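Notes follow once the structure below has been shown.
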């Protein structure tokens, strides 16, 4: 039970905290170990999703039940686009419960679940690529947070997860891209890895021409307070229309009624920088202002972290047989900027008279206590998944038209 609670606390591990967790691990010997050998990303087993490999973690049931405000329901079948003209490359967040500092290269239920929640639905707009990588585990961070860090894995380096992501990206470019546009998609630790990848391998380099967009959820992408470009990226601006390409969407979500507290982990730069803020781009309204969220939630208890809350009764008297539910009109979002924070504020359009639920499940909780500093980190992707599918579709059309 203690391990599960600590794991829930560790969900939002990013590049800096992941490296710190490894740095705290007691050394196994005075001599640094030889680095781990690189993965062979030509091996299909190193990918969760790859379009030439079936079955894969993206070949899952994504049908949803649409529940209207009056409680009526209808099934919304999901259809992937077998002729998608662009690609999506995804790096998943911290989910591994493997026992060591670094995850193995074996796909466990934690990895396949998060792909289902955060990425597979984008198959309606793009071909899907999701590499496995030796991420820093929830286990390692939980141990470090408890004051008893794990011994370092033989060959583990603070750069190991990034090195894997970079190697997968380079393999993809060399063997699968063939001049196609690509959307980079990440959450939490995955967003941190992609931010580094963009800085080192894409921003201002030839690969930038292939960038349709970067969707970086659950992270603090640094931008100037009054500009859309600068900070972490030197030549990649924030997205302001769905026809704009070569841009970035970044946000961290909080309930409107539970804004980021003083100790928040999100909504501000990781280290204070004068004139800099954390980016917030509203997927429900890229231009700014409020907009309706097109959310997709698992119909039954299923989360990217241990100890998930039970799913609510979605609609009184209704049985839900699909894998997901979508609730049009229930949620809206806007970017809220304060002197300290810049975050995606989620508003519930609650209707006590409606047979449809007005409950939003997604907080990080320990012993029934909501940890406000995490916000709605667990469901950053679910909240806006339908919006993101549409944005990727429109951006892909714009990029393809400009690159016949």
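Assorted remarks:
- Residue 141 part of a loop (DSSP other than H, G, I, E, B), closer than 30 Å to residue 35 by Cβ and at pLDDT below 95: no
- Qualifying residue in the range 289-299 (condition: in contact with a strand residue (DSSP E or B) (Cβ under 8 Å, 6 or more places away or on another chain), assigned to a loop (DSSP other than H, G, I, E, B) and either free of Cβ contacts under 8 Å to residues at least 24 places away in the same chain or under 20 Å from residue 229 (Cβ atoms) (or both)): no
- Failed item, numbered, when residue 332 is tested on (1) over 27 Å from residue 95 (Cβ atoms); (2) outside any strand (DSSP E or B): (2)
- From the options 291, 267, residue that is over 21 Å from residue 117 (Cα atoms) and in contact with a helix residue (DSSP H, G or I) (Cβ under 9 Å, 6 or more places away or on another chain): 291
- The lone exception for residue 396 - which of (1) under 18 Å from residue 184 (Cβ atoms); (2) touching a helix residue (DSSP H, G or I) at 6+ places or on another chain (Cβ under 9 Å) it fails: (2)
- Contact annotation: residue pairs with Cβ atoms under 6 Å, 6 or more positions apart or on different chains, pairing a residue in the range 174-197 that is under 15 Å from residue 83 (Cα atoms) with a partner that is assigned to a loop (DSSP other than H, G, I, E, B), are 180/86; 181/86.
- Tallying residues that are touching a residue at least 60 places away in the same chain (Cβ under 8 Å) and under 23 Å from residue 150 (Cα atoms) within the range 107-134 yields 5.
- Residue list for the range 65-85, filter: free of Cβ contacts under 8 Å to residues at least 60 places away in the same chain and either part of a loop (DSSP other than H, G, I, E, B) or within 19 Å of residue 50 (Cα to Cα) (or both): 72, 77, 78, 79, 80, 81, 82, 83
- Within this structure, residue 152 passes the test of being modelled with pLDDT under 95, out of contact with any strand residue (DSSP E or B) (no Cβ under 6 Å at 6 or more places or on another chain) and either assigned to a helix (DSSP H, G or I) or surrounded by fewer than 24 Cβ atoms within 10 Å (Cβ to Cβ) (or both).
- Here the condition is being modelled with pLDDT of 90 or more, more than 18 Å from residue 188 (Cβ to Cβ) and crowded, with 24+ Cβ neighbours inside 10 Å; of 129, 119, 136, it holds for 129 alone.
- When the range 277-288 is filtered for residues that are out of contact with any helix residue (DSSP H, G or I) (no Cβ under 8 Å at 6 or more places or on another chain) and more than 19 Å from residue 224 (Cα to Cα), only 285 remains.
- In the range 169-196, the residues that are buried (at least 23 other Cβ atoms within 10 Å of the Cβ) and either in a helix (DSSP H, G or I) or at positive phi (or both): 169, 188, 189, 190, 191, 192, 193, 194, 195
- Picking from residues in the range 309-325 that are surrounded by fewer than 18 Cβ atoms within 10 Å (Cβ to Cβ) and within 24 Å of residue 115 (Cα to Cα), the one that is modelled with the highest pLDDT is 321.
- Among residues of the range 244-263, those that are surrounded by fewer than 20 Cβ atoms within 10 Å (Cβ to Cβ) and closer than 23 Å to residue 383 by Cβ, counted: 8
- Within the range 371-402, if we keep just the residues that are at pLDDT 95 or above and not in a helix (DSSP H, G or I), the residue that is surrounded by the fewest Cβ atoms within 10 Å (Cβ to Cβ) turns out to be 376.
- Residues that are part of a strand (DSSP E or B) and farther than 14 Å from residue 295 by Cα were ranked within the range 345-370; the one that is modelled with the lowest pLDDT is 366.
- Exactly one residue among 104, 94 is under 20 Å from residue 167 (Cα atoms), in contact (Cβ under 8 Å) with a residue 24 or more places away in the chain and crowded, with 21+ Cβ neighbours inside 10 Å, and that residue is 94.
The values are calculated or read from the model by the stated rules, or taken from the named source; none is laboratory data. On a predicted model such as this, the values are computed, not experimentally measured, just so you know. All Cβ positions, glycine included, derive from the backbone under ideal geometry; neighbour counts span all protein chains shown.
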